[in-house]
Each structure stands twice: as C-alpha cells, then as structure tokens.
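Colleague: I am attaching a structure below and will ask some questions about it afterwards.
The values are calculated or read from the model by the stated rules, or taken from the named source; none is laboratory data. Not measured: the values here are computed from a predicted model. Every residue, glycine as well, gets a Cβ built from its backbone with ideal geometry; the counts of neighbours run over all protein chains shown. For accessibility, only protein heavy atoms count, side chains too; no ligands or nucleic acids. Shrake-Rupley method; radii C 1.70, N 1.55, O 1.52, S 1.80 Å.
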Amino acid sequence: DTAVSQTPKYLVTQMGNDKSIKCEQNLGHDTMYWYKQDSKKFLKIMFSYNNKELIINETVPNRFSPKSPDKAHLNLHINSLELGDSAVYFCASSLGSTGLGSPLHFGNGTRLTVT
Amino acid sequence: RKEVEQDPGPFNVPEGATVAFNCTYSNSASQSFFWYRQDCRKEPKLLMSVYSSGNEDGRFTAQLNRASQYISLLIRDSKLSDSATYLCVALKTSYDKVIFGPGTSLSVIP
C-alpha cells in the first residue's frame, strides 16, 4: 500500500531515556515533516525536510534531532525525554511544497507517553 | 494575534442540519488555503482545498473572503460520519510553514 508509515504506534518510556521514531513514505514525495499534537490538540510543526535538506526548524529543544537519510525517510530522535514531551507525533509528506497546493499526507501518529 | 484562528466549538448539530465554520488568518499575503479533517485519535486528512472563487465537493462548500481574511466551510445535510475536528490551513509562500488552526469540533447527533 502507498502511504506514510511511522513506527512505533505507541511508545511508553521513562524520563531521561532516549528514543527514536521512524517514518517512511513510498508516495515519491519530496518533502517530509514532523508535527507534534499535544493534549490540547494543537498541531504544531517541528521540522520540515525537502530532498534531505532541512528547510524548517521551529523553536524546538535541541534534544529533538531529525535525520533524513534519503527523501523517503525522516526519523526523529529525542534525547533525555521529559514529561512535557508526551504527545502524539505525526510524520507527514507532500509532493513539492504545500504552498503550491500540494496537500499533506500524514502517518498514523506515534503516541508518546513519558512517565 | 495567532496566525490562524478558529472557534473550537464544540458544534453539536442534529443529523440533516447545515453547519458552517469560519477560520480567520492574520497574514494578508496568504495564498493557499485548505480544510483538513481529523477524526478522534486519527491523523488529519485533507478534506478540500479552498479556491478564490469558492468550491464545492458534494455536501461541502469552501469559500474564501480575502477582504475579511477568513475562509469558511459549509456542510449541508450533516451525517453522523461528519463528526470530527475540522482544521484550517493558510499558507503564504511555497515553502511556508504549514500552520494549522486549533480546529473546530463537530458532533452530529441522531
């Protein structure tokens, strides 16, 4: 199936741990994103990559480090997890830039719970 | 002022009703507009783009009002399956950040 897939779907971990979330898209899209949706349901952009190049880096703690080995993959590594990192993290992709009318295709989300 | 604002609702409407949401954007240079739909505990999905002249897709109609800087979504003959959160997006340029509004929650009740 063509899609944006991210793993794991659920992640429960303790404060201070380091964890990674993986994302892959087989849609042939050029641009990939990470979004965070907190308990109040606000969906906020964190990072955006176009053809492996970082183009958007929002005000995100440097404990969060994205890595794009190729344009089909965008992983998110989080160091020293904190309680406030608990949220749903969505990976997304688009063909070209969204400003040209390309919609975002989202993965199913990773529900991160930090205890 | 936030870049994109929406009334969070919830809007509780009976089946068959017509309901409309507005979304205001702060930057007059915004060029591209979209409505996304997010079901509970699911990912957002594109519902429809919003064109300058307005556009319709079945029971859904999207409008753009540049003078007042808002977009609207009208849903006619509401179905139970329309219950979801509706998110709007306004973009300025090609690689603009895709900023979502906070969403409007709709519950269609039998």
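Colleague: Scan the range B:1-19 residue by residue and report those that are part of a strand (DSSP E or B) and at pLDDT 90 or above.
Modeller: Once the filter is applied, which keeps residues that are part of a strand (DSSP E or B) and at pLDDT 90 or above, the range B:1-19 yields B:5, B:6, B:11, B:12, B:13, B:14, B:19.
Colleague: Where in the range A:37-98 are there strands (runs of 3 or more DSSP E), lying wholly inside it, with at least 2 residues that are aliphatic (A, V, I, L, M)?
Modeller: By residue number, A:43-50, A:53-57, A:73-78, A:87-94.
Colleague: Which of the residues spanning the range A:1-14 are part of a strand (DSSP E or B) and either among the charged types (D, E, K, R) or over 16 Å from the mean Cα position of the chain (by Cα) (or both)?
Modeller: A:12, A:13
Colleague: Take the residues in the range B:1-26 that are crowded, with 16+ Cβ neighbours inside 10 Å and among the aliphatic types (A, V, I, L, M); name whichever of them is nearest to residue B:72 (Cα to Cα).
Modeller: B:19
Colleague: Only one residue in A:57, A:108, A:51 is closer than 26 Å to residue B:103 by Cα, within 14 Å of chain B (Cβ to nearest Cβ) and surrounded by fewer than 16 Cβ atoms within 10 Å (Cβ to Cβ). Which one?
Modeller: Only one candidate qualifies: A:57.
Colleague: Does at least one position in the range A:15-35 carry a residue that is part of a strand (DSSP E or B), within 18 Å of residue A:115 (Cα to Cα) and open to solvent by 30 Å² or more (accessible area, probe 1.4 Å)?
Modeller: Yes - at least one qualifying residue is present in the range A:15-35.
Colleague: Can you say whether residue B:85 is closer than 30 Å to residue A:5 by Cα and either assigned to a helix (DSSP H, G or I) or open to solvent by 20 Å² or more (accessible area, probe 1.4 Å) (or both), as far as the supplied structure shows?
Modeller: yes
Colleague: A further question follows. Name the residue, out of A:85, A:70, that is open to solvent by less than 40 Å² (accessible area, probe 1.4 Å), at pLDDT 90 or above and of a type in the set (Asp, Glu).
Modeller: A:85
Colleague: Considering only residues of the range B:27-57 that are polar (S, T, N, Q) and surrounded by fewer than 14 Cβ atoms within 10 Å (Cβ to Cβ), which is modelled with the lowest pLDDT?
Modeller: Here the residue is B:28.
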